[in-house]
1. Could you please let me know if B:Lys130 is more than 30 Å from A:Arg134 (Cβ to Cβ), out of contact with any helix residue (DSSP H, G or I) (no Cβ under 8 Å at 6 or more places or on another chain), of a type in the set (D, E, K, R) and without any contact (Cβ under 8 Å) to a residue 60 or more places away in the chain?
2. Restricting the search to segment B:17-42, which residues are of a type in the set (A, V, I, L, M, F, W, C) and within 24 Å of A:Ala143 (Cα to Cα)?
3. In this structure, is B:Val67 β-branched (Val, Ile, Thr), away from chain A (no Cβ under 14 Å) and over 18 Å from the mean Cα position of the chain (by Cα)?
4. Could you list all residues from segment A:118-169 that are touching a residue at least 12 places away in the same chain (Cβ under 8 Å) and farther than 24 Å from A:Phe203 by Cα?
5. Only residues that are of a type in the set (A, V, I, L, M) and either within 15 Å of B:Ala100 (Cβ to Cβ) or assigned to a strand (DSSP E or B) (or both): list them for segment B:161-186, please.
6. Given the residues B:Val77, B:Val86, which is the only one that is among the β-branched types (Val, Ile, Thr), buried (at least 17 other Cβ atoms within 10 Å of the Cβ), at the interface with chain A (Cβ under 10 Å from one of its Cβ atoms) and touching a strand residue (DSSP E or B) at 6+ places or on another chain (Cβ under 8 Å)?
7. Can you say whether B:Glu161 is more than 16 Å from the chain's Cα centre (by Cα) and either without any contact (Cβ under 8 Å) to a residue 60 or more places away in the chain or within 24 Å of B:Val75 (Cα to Cα) (or both), as far as the supplied structure shows?
8. Taking only segment A:172-185 into account, find how many residues are modelled with pLDDT of 95 or more and of a type in the set (A, V, I, L, M, F, W, C).
Amino acid sequence: MPATASPTPEGGDKRISAEQVKALREATGAGMMDSKRALEATNGDFEKAKDWLRLKGMAKAGAKSTRTAREGIIATYVHHNHQLGVLLELNSESDFVARNEEFKHLAHEIAVHIAAAEPRYLRREDVPQGVLDRERAIFEAQASEQKKPANVIEKIVQGKLNDFYKREVLLDQPFAKDDKRTVDQLLKEAIAKLGENITISRFARFKVGEAS
Amino acid sequence: MTAAIKAQDVKALRDITGTGMMDSKRALEATEGDLERAKDWLRQKGIARAGAKAARVAREGTVEVYVHHDKQLGVLVELNSESDFVARTEGFQQLAHEIALHIAAASPQYVRRDDVPAELIEQKRADAHKQATALGKPPQVVVQIIDGKLNEFFKREVLLEQPWTKDDKRTVNEVLHEAVNGFGENIAVARFARFKIGQSPVDESDAGNS
């Protein structure tokens with residue numbers, strides 16, 4: 001047997017690596033052979049290959065972008081009567097921490113907290129400007145009815161806005177099991193303990209009949 | 001007393017805010033019968049409390065979850081019925097469970113066609129048009145191609161139009177219709193959430209941390 005010759009399995013263009021094909025498949029949802037042909041037709045140019053697939057109608061338009069940078073777990077809570085449920089994504093940097101029992105426990109505790117405390121937003125930035133404006137207008141009207149001077153009114157309004165955040169924003173809420181700490185502080189403690197960044201990326205809370 | 005304030009508005013305001021009848025009436029009078037402004041008026045006067053929860057719409061149903069064993073994928077779904085009686089039956093709970101499993105497997109983005117943003121549909125339409133004309137098809141064929149592409153999109157992304165994972169001869173909507181006949185009352189998927197690890201939109205404040 002000559003030492004040279006195992007033929008390339010599919011006889012294709014050797015410049016196209018298996019990694020390129022895999023990346024294109026993941027980005028577009030197209031099949032392996034189509035992805036390979038796309039790369040061959042475009043001399044391995046990834047962006048051009050994507051366009052080629054779309055033009056040929058082979059890329060799935062809805063292919064989900066695959067972001068695997070963040071690790072973590074999904075936690076759930078359902079009230080026993082099935083009238084209330086919570087879904088939560090808690091992220092860590094490594095798979096190792098995500099599998100840690102303490103991390104799982106934290107995710108569960110936060111899910112239970114969300115069930116009890118009914119937050120509407122994850123962070124302050126998530127509160128729509130229109131909602132904030134409306135709250136502020138109400139607080140200003142309340143304060144001016146009490147005939148306070150302007151600088152006092154502003155302080156009162158700020159105080160009331162903080163109350164609003166504490167009531168509606170998950171990270172600002174006092175933790176249901178121990179209201180000396182906010183949920184944000186709870187996360188910070190976990191970060192210190194587990195040694196890597198831990199974030200809540202999203203949650204959903206459904207109560208029967210509350211859908212808009 | 002202003003004649004313009006209707007008794008049903010007073011009742012609606014009371015239901016929403018939990019305030020008394022006279023206060024609700026005064027609030028509506030002060031705001032020319034505008035329900036939203038009346039709500040704010042009641043809060044300004046310190047009569048209604050912030051965060052007073054809206055009166056529950058008379059809908060029954062169940063909330064069901066599914067989590068994949070590796071905890072990398074989770075689904076939350078609300079299935080509504082008309083009566084509490086139907087919501088508590090085992091068959092209804094089972095249906096909710098199967099829908100949650102379907103959502104996990106089929107990853108829809110929307111409950112119904114109406115939930116798809118109009119701009120996105122326009123975008124799909126334009127893409128399909130470009131592709132079809134690039135192939136040099138006559139106009140009437142182009143129209144058919146566009147319709148075909150849009151239908152494929154709905155079948156892929158809209159829960160009610162997806163083929164049922166347990167039996168792809170039927171759509172999810174058809175499965176629900178069969179259940180409506182079986183239970184003798186209206187049944188609807190109100191909403192769902194499907195979380196997969198790492199697929200949430202990247203937040204700028206997180207970006208530097210990972």
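1. yes
2. B:Met22, B:Ala27, B:Leu28, B:Ala30, B:Leu35, B:Ala38, B:Trp41, B:Leu42
3. No.
4. Residues satisfying the conditions are A:Arg136, A:Phe139, A:Glu140, A:Gln142, A:Ala143, A:Ile153, A:Ile156, A:Val157, A:Lys160.
5. B:Val172, B:Val175, B:Leu176, B:Ala179
6. Being among the β-branched types (Val, Ile, Thr), buried (at least 17 other Cβ atoms within 10 Å of the Cβ), at the interface with chain A (Cβ under 10 Å from one of its Cβ atoms) and touching a strand residue (DSSP E or B) at 6+ places or on another chain (Cβ under 8 Å) holds for just one of B:Val77, B:Val86, which is B:Val77.
7. It is false that B:Glu161 is more than 16 Å from the chain's Cα centre (by Cα) and either without any contact (Cβ under 8 Å) to a residue 60 or more places away in the chain or within 24 Å of B:Val75 (Cα to Cα) (or both).
8. 2
The values are calculated or read from the model by the stated rules, or taken from the named source; none is laboratory data. On a predicted model such as this, the values are computed, not experimentally measured, just so you know. Using ideal geometry, Cβ is built from the backbone for each residue, glycine included, and neighbour counts are taken over all protein chains shown.
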